[in-house]
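**Q** What follows is a single structure, and I will ask about it in a moment.
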Amino acid sequence: MSKKYCYLFTEGNATMRELLGGKGANLAEMTNIGLPVPQGFTITTEACTQYYEDGRKINDKIMAEIMKYVEKMEKINGKKFGDLKNPLLVSVRSGARASMPGMMDTILNLGLNDDVVAAMIKGNPDPKFERFVYDCYRRFIQMFSDVVMEVGKKYFEALIDKMKEKKGVKNDIDLNAADLKKLASQFKAEYKKQLGEEFPSDPKVQLYEAIRAVFRSWDNPRANVYRRDNDIPYSWGTAVNVMPMVFGNLNDQSGTGVAFTRDPATGEKKLMGEFLVNAQGEDVVAGVRTPMPIEQMAKQFPEAYADFIKVCKTLEDHYHDMQDMEFTVENKKLYMLQCRNGKRTAQAALKIACDLVDEGMKTEQEAVLMIDPRNLDTLLHPQFDAKALKAAKPIGKGLGASPGAACGQIVFTADDAEKWKADGKKVVLVRLETSPEDITGMKAAQGILTVRGGMTSHAAVVARGMGSCCVSGCGDIVMDEANKKFTLAGKTFKEGDYISIDGTTGNIYDGEIATVDAKIAGEFGRIMGWADKFRKLQVRTNADTPRDAKKARELGAEGIGLCRTEHMFFEPERIAAFREMICADTQKEREAALAKIMPYQQGDFEKLFEAMQGTPVTIRFLDPPLHEFVPKTKDEIKLLAEAQGKTVRTINGIIQGLHESNPMMGHRGCRLTVTYPEIAVMQTKAVIRAAIKVQKKHKDWKVVPEIMIPLVGEAKEFEFVEKIVRETADAEIAKAKSALKYEVGTMMEIPRACLTADEVAKNAEFFCFGTNDLTQMTYGFSRDDAGKFLPSYYDTKIFENDPFAKLDQNGVGKLMKMAVAEGKKARKNMHFGICGEHGGDPSSVEFCHNIGLTYVSCSPFRVPIARLAAAQAAIKDNK
């Protein structure tokens, strides 16, 4: 049987998301449960994949099937495409299997041309109808030119602004039929001027080009960025939905809206949305006109509003989740154009999940699975300091579109936001309205402030998804984007001025307001309690200071999976002694220098053991190459020479001798101990003495330090260093007459160590995967330099993600899986962890669960993310 590329809405259902995309599957599902959906069809994601395989062309077979389904749609709706008596106009919309709001393209009012427009007007002499037809026509020409033919919309917006200025009106809706007819003519002339050809009048050509444009938009820059940020594979492709137009801009008895069954910012169980009379859907989402709250719809469209309330209940009862819906009212009749599980803030996600459990709609496991772990990050971001906020006076107010606090210097373009961030500056992006092209700038900014748009505008939806603070629709701002300034409350703000915005209240403040860490309570604790009940992976933290360790414990860390001891060497007294060690000529001189550092190291370890209260603490011995510790300036070199009683020339010679062509693969990690065993001796004494002291003080704690030897690539290397560590540790324990237990293991970060894990495991009591270096060594990439060329890898689809941010499960993952299996064979009670940046990445955490690691370790603020991701992995595994 040949592959089927098109499905009527009556032929699909919600389970066909992979084939029909989220939008197509939900349109089919709404049709199946009897909701008022204009009946069209979906072109599958497989057709999109085929489009790319065929060199970005829709092949004849697929196009023939599409036209066959156009005929079916015509029959169902009693209208014909391009017909002069009863023309069918359609919308062509994207729809990937994962929601990607605003990232891909839509074309409305397709099927219009001069003849169809004339025939429609001839059939209805009402002047208002004539205005409606020309409004649709100019919208179609503009949208088709911009989206399909990639003629910039700025050319058309300039013509509209010129027309409004000439007529002395503020809004598009104030232009009459003659104005819009003239605009349509001007638009076509502009199209010809830009492209050198006439605007296409054949509806079938329009349809072909529109479908091709939607497929093409799967690979546009903003979609690629969004996919990379949200772990959506490029291979999925997008579906295309072709459906008859219903017209919210038909007359004053028509309109369009977007609504949520619960508040997407707070999670409160109440209908929240916006509605525009005499408008099309793009007007609400684009924020060109500021809409009215959904409740006001009840006064103007009581019947349609009553129907809509019933639809909301039906959908939430059916999907058991908060719904985001787009709808149109045409001549008082309601039509549903889309539904999906709504994007929400982390705060709202937690409340909704708990409420749905309490309402009997979800189990605890299902509630845990509902929440995107990455969004928890946003709960942990700073809020305004209450005292500073009380003293500050708002200078303006918009809509609190995405919670949190943001403070920074004003920039007016997405490009500037990126550049200023790269220079280390914190910025607030201020725009008339945002568009999907602004996504990279929105990511770079601390917060977003827009003049136009509501709670469902592009800026609001995208900011909520990213967890960024956003205030939208501040109509009091008088914007001058061209000159990079705006006026608010009688003051002119220029690029670089400081501003603070509150995404919860919508308040805007002049200048900088101090921020404080967020406090976590309520639903967060409840969800985390469920997560901890279901997860099997332990979650530790990467922490080098008591402050970090304390914060991680507050956020649920069950130990330290990585303490980088070298970070403790950089304080003035310590670095001087360490440089003395580096410049020493004999072992005795090195030991004397290290003896000066040991009390500091011991004190640091004592504080860490105290902070972790008897939970495991893994301490990695010195890892970086020695050249990282030597002085860089002439003055520092001179001081070191004086302290050492050596000449500046001698010191420079030592520094030069430490230089390496490839230091990340040079004299570092366990190789330092092989050359200078006294370093490991000092560090072992510091760890063991600290542990004995803290254990003696807290007899009810179980202090078991885990000493981790870095950069092992050969079993004999590990044996050599382990022997030094154990002899030193055992001597210290015997001397103190203590019963302290400790473990010695290794950081698995060289591919050879993974390949020979059975040999290493004969002596190593644990493996902890250092996936930053393991990724670097496996790929042969320098992680410090890869950023220069990885963008080219994304553009050419060689990579979909940064392998240093998201674990490469095929290559690096295979090495890890092999090492775990071989390690378990050699040592049954062995434990395994991961302590690279991947320890806080949800998809990497799931992989760690699947290959049988004991724990993941991540930065303190990512601990809740790892806890939730670990629970989700366990729940999926049980399924």
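The values are calculated or read from the model by the stated rules, or taken from the named source; none is laboratory data. Keep in mind that this is a model prediction, so the values were computed, not measured. Neighbour counts run over all protein chains shown; Cβ positions are idealised from the backbone, glycine included. Just so you know, the surface numbers come from the protein's heavy atoms only, side chains and all, with ligands and any DNA or RNA stripped out. Shrake-Rupley method; radii C 1.70, N 1.55, O 1.52, S 1.80 Å.
**Q** Would you mind calculating the gained length between residue 809 and residue 15 on full extension (0.36 nm times residue separation, minus the Cα-Cα distance), in nm to one decimal?
**A** Details: separation 794, 0.36 × 794 = 285.84 nm, distance 2.75 nm.
Roughly 283.1 nm would be gained on extension.
**Q** Which net charge results when you count Lys and Arg as +1 and Asp and Glu as -1 among the other residues whose beta-carbon is under 11 Å from that of residue 270? The partial results should precede the final answer.
**A** Values: positive: 262, 269; negative: 263, 268, 295.
That works out to -1.
**Q** I want to verify the translational diffusion coefficient of the range 171-326 in µm²/s; compute it with Stokes-Einstein, Rh as the Kirkwood radius over Cα pairs, at 25 °C and 0.890 mPa s.
**A** On the way: Rh = 19.0 Å.
For the chosen part, D equals 129 µm²/s.
**Q** Loop only by DSSP, 12 or fewer other Cβ within 10 Å of the Cβ. Give me the chymotrypsin sites (Phe, Trp or Tyr not before Pro) in the range 544-652 that pass, ordered by residue number.
**A** Values: sites: 569, 570, 578, 600, 605, 609, 621, 629; in loops: 570, 621.
Those that pass, being in a loop and sparsely packed, are 570.
**Q** Among all the lysines, which ones have a C-alpha under 24 Å from residue 68's C-alpha, if same-chain residues fewer than 8 places away are not counted?
**A** Leaving aside lysines fewer than 8 places away in the same chain, those within reach of residue 68 are 3, 4, 23, 57, 79, 80, 85, 204.
**Q** Okay, next question. Cross-link candidates for residue 646: which lysines have Cα within less than 18 Å, leaving aside residues fewer than 8 places away along the same chain?
**A** Qualifying lysines at Cα under 18 Å: 588, 632, 634, 638.
**Q** Could you give me the ³J(HN,Hα) list for the range 605-622, computed from phi with Karplus coefficients 6.51, -1.76, 1.60 and θ = phi - 60°, whole Hz, x at Gly and Pro?
**A** 5, 4, 5, 5, 4, 5, 4, 8, 6, x, 7, x, 10, 9, 10, 8, 6, 3
**Q** So if each residue of separation counts as 0.36 nm, and I subtract the Cα-Cα distance between residue 2 and residue 83, what length gain in nm does that give? Write down the numbers at each step before the final one.
**A** Details: separation 81, 0.36 × 81 = 29.16 nm, distance 3.18 nm.
Difference between extended and current length: 26.0 nm.
**Q** Under the Karplus relation 6.51 cos²θ - 1.76 cosθ + 1.60, θ = phi - 60°, what is the ordered set of whole-Hz ³J(HN,Hα) values for the range 659-664, x standing for Gly and Pro?
**A** So the Karplus estimates, Gly and Pro as x, are 4, 10, 5, 9, x, 5 Hz.
**Q** Another question, then. Can you find, among 577, 400, 293, the residue farthest towards the positive end of the dipole of the chain? Put +1 on the C-beta of Lys and Arg, -1 on that of Asp and Glu.
**A** It is 577.
**Q** Determine the alpha carbon to alpha carbon distance for each of 551/596; 269/313; 421/550; 162/485 and list only those over 18 Å.
**A** Numbers: 551/596 30 Å; 269/313 12 Å; 421/550 30 Å; 162/485 22 Å.
Violating the 18 Å Cα-Cα cut-off are 551/596; 421/550; 162/485.
**Q** Do the alpha carbons of any pairs in 188/332; 536/806; 788/814 sit beyond 24 Å of each other, and which pairs? Working shown, then result.
**A** On the way: 188/332 33 Å; 536/806 21 Å; 788/814 27 Å.
Pairs exceeding the cut-off: 188/332; 788/814.
**Q** Under a 5 Å amide H to amide H cut-off, with H placed in plane at 1.01 Å, what residues pair with residue 560 once short-range neighbours are removed?
**A** 541, 617, 618
**Q** Given R₀ = 51 Å, FRET efficiency for residue 476-residue 662 by Cβ-Cβ distance, to 0.05?
**A** Details: r = 58 Å, r/R0 = 1.13.
Computed FRET efficiency for residue 476 and residue 662: 0.35.
**Q** So how much slack lies between residue 821 and residue 878, counting 0.36 nm per residue of separation and subtracting their Cα-Cα distance, in nm? Show your work: numbers first, answer last.
**A** Details: separation 57, 0.36 × 57 = 20.52 nm, distance 2.13 nm.
Here the segment from residue 821 to residue 878 would lengthen by 18.4 nm.
**Q** At residue 489 and residue 252, where each label point lies 7 Å from the Cα along Cα→Cβ, what is the point-to-point distance in nanometres?
**A** Reported label-point gap for residue 489 and residue 252 is 3.8 nm.
**Q** Can you give the charge dipole size of the range 69-119 about its Cα centre, rounded to the nearest 20 debye, using +1 on the beta carbon of Lys and Arg and -1 on the beta carbon of Asp and Glu? Show your work: numbers first, answer last.
**A** Numbers: 7 positive and 6 negative charges, 60 e Å.
Charge dipole, the range 69-119, about its Cα centre: 280 debye, nearest 20.
**Q** If you roll a 1.4 Å probe over the chain with all protein chains in place, what percent of the accessible area is carbon or sulfur? Don't skip to the answer; put the middle values down first.
**A** Values: 18330 of 36680 Å².
The C+S portion of the solvent-accessible surface of the chain is 50 percent.
**Q** Now a separate question. Treat each spin label as a single point 7 Å out from the Cα along the C-beta direction, and report the residue 701 to residue 425 distance in nm.
**A** 4.6
**Q** Can you give the accessible area per residue of the range 313-422, in Å², using a 1.4 Å probe? Present the calculation step by step, with values, prior to reporting the outcome.
**A** Details: 4490 Å² over 110 residues.
I get 41 Å² per residue for this part.
**Q** If the limit is 20 Å between Cα atoms, which of 425/484; 310/351; 154/419 go over it? Kindly include the intermediate steps, with their values, before the conclusion.
**A** On the way: 425/484 18 Å; 310/351 23 Å; 154/419 24 Å.
The answer is 310/351; 154/419.
**Q** Is the C-alpha gyration tensor of the range 495-579 telling us rounded, prolate or oblate? Criteria: a/c under 1.5 is rounded; beyond that, a/b larger than b/c is prolate, otherwise oblate.
**A** On the way: a/c = 3.75, a/b = 1.13, b/c = 3.33.
Oblate is the answer for the range 495-579, as a/c is 1.5 or above yet b/c matches or exceeds a/b.
**Q** Starting from the amide H of residue 514, placed 1.01 Å from N in the peptide plane, find each other amide H under 5 Å away whose residue is 5 or more places distant or on another chain.
**A** 385
**Q** Could I ask something else about it? Might you report the magnitude of the Cβ-based charge dipole of the range 309-365 about its Cα centre, with Lys and Arg at +1 and Asp and Glu at -1, to the nearest 20 debye?
**A** Using only the charged Cβ atoms, the result is roughly 260 debye.
**Q** Ok, one more. Can you tell me the accessible area per residue over the range 714-803, all protein chains present, probe 1.4 angstrom, in square angstrom?
**A** Numbers: 4170 Å² over 90 residues.
With the other protein chains kept in place, the range 714-803 gives 46 Å² per residue.
**Q** Considering amide H positions built from the backbone, and no H for Pro or chain starts, which residues 5 or more places from residue 831, or on another chain, come under 5 Å of its amide H?
**A** Amide H neighbours of residue 831, under 5 Å, 5+ apart: 767.
**Q** Could you please report the charge total around residue 234, scoring K, R as +1 and D, E as -1 over all other residues with beta-carbon less than 12 angstrom from its beta-carbon? List each step's numbers first, then the result.
**A** Numbers: positive: 227, 228, 797; negative: 219, 231, 795, 800.
Surrounding charge for residue 234 is -1.
**Q** To continue, here is another question. Would you mind computing, in nm to one decimal, how far apart the modelled labels at residue 587 and residue 739 are, each placed 7 Å from Cα along Cα→Cβ?
**A** 3.6
**Q** OK, next. Return the FRET efficiency for the residue pair residue 98, residue 800: r is the Cβ-Cβ distance, R0 is 22 Å, and the value is rounded to the nearest 0.05.
**A** It comes to 0.95.
**Q** Loop sites only, by DSSP: take the GluC sites (Glu not before Pro) in the chain that have at most 14 other C-beta atoms within 10 Å and name the longest stretch containing none of them.
**A** Working: sites that count: 150, 197, 198, 268, 359, 660.
Result, exposed sites excluded: 360-659.
**Q** Related question: Using the Karplus curve 6.51 cos²θ - 1.76 cosθ + 1.60 with θ = phi - 60°, what ³J(HN,Hα) values do you get for each residue of the range 837-850, in whole Hz, with x for Gly and Pro?
**A** Taking θ as phi minus 60°, the curve returns 4, 5, x, x, 9, x, 5, 6, 4, 4, 4, 4, 4, 5 Hz for the range 837-850.
**Q** Among 42, 55, 32, which residue has its Cα furthest toward the positive end of the charge dipole of the range 25-64, with +1 on Lys/Arg Cβ and -1 on Asp/Glu Cβ?
**A** 55
**Q** Once you list every other residue whose beta carbon is under 12 Å from the beta carbon of residue 183, what net charge do they have if Lys and Arg are +1 and Asp and Glu are -1? It would help to have the intermediate numbers written out before the result.
**A** Working: positive: 131, 138, 139, 162, 164, 166, 167, 181, 182, 188; negative: 135, 157, 161, 172, 179, 190.
Charge balance in the 12 Å sphere: +4.
**Q** Follow-up. Please work out the average accessible area per residue across the range 156-262, using the 1.4 Å probe convention, and give it in Å². The partial results should precede the final answer.
**A** Details: 4400 Å² over 107 residues.
That works out to 41 Å² for each residue.
**Q** For percent of Cα pairs over 35 Å apart, which listed value, [x] 52; [y] 62; [z] 58, comes from the coordinates shown?
**A** This structure yields the entry labelled [z].
**Q** Is any residue of the range 104-139 close enough, with backbone N under 20 Å, to a label point placed 7 angstrom from the Cα of residue 201 along the Cα-Cβ axis, and if so, which?
**A** Output list for this probe position: 109-123, 133-139.
**Q** How large is the charge dipole for the chain, taken about the Cα centre, if only the Cβ atoms of Lys, Arg (+1) and Asp, Glu (-1) carry charge, to the nearest 20 debye?
**A** On the way: 123 positive and 121 negative charges, 176 e Å.
Charge dipole, the chain, about its Cα centre: 840 debye, nearest 20.
**Q** List the trypsin sites (Lys or Arg not before Pro) in the range 777-842 that DSSP assigns to loop (not H, G, I, E or B) and whose Cβ has at most 11 other Cβ atoms within 10 Å. Which are they? Mind dumping the intermediate values first?
**A** On the way: sites: 783, 788, 797, 806, 814, 817, 824, 825, 827, 828; in loops: 783, 797, 806, 827, 828.
Of the trypsin sites (Lys or Arg not before Pro), the ones in loops of the range 777-842 whose Cβ has at most 11 other Cβ atoms within 10 Å are 828.
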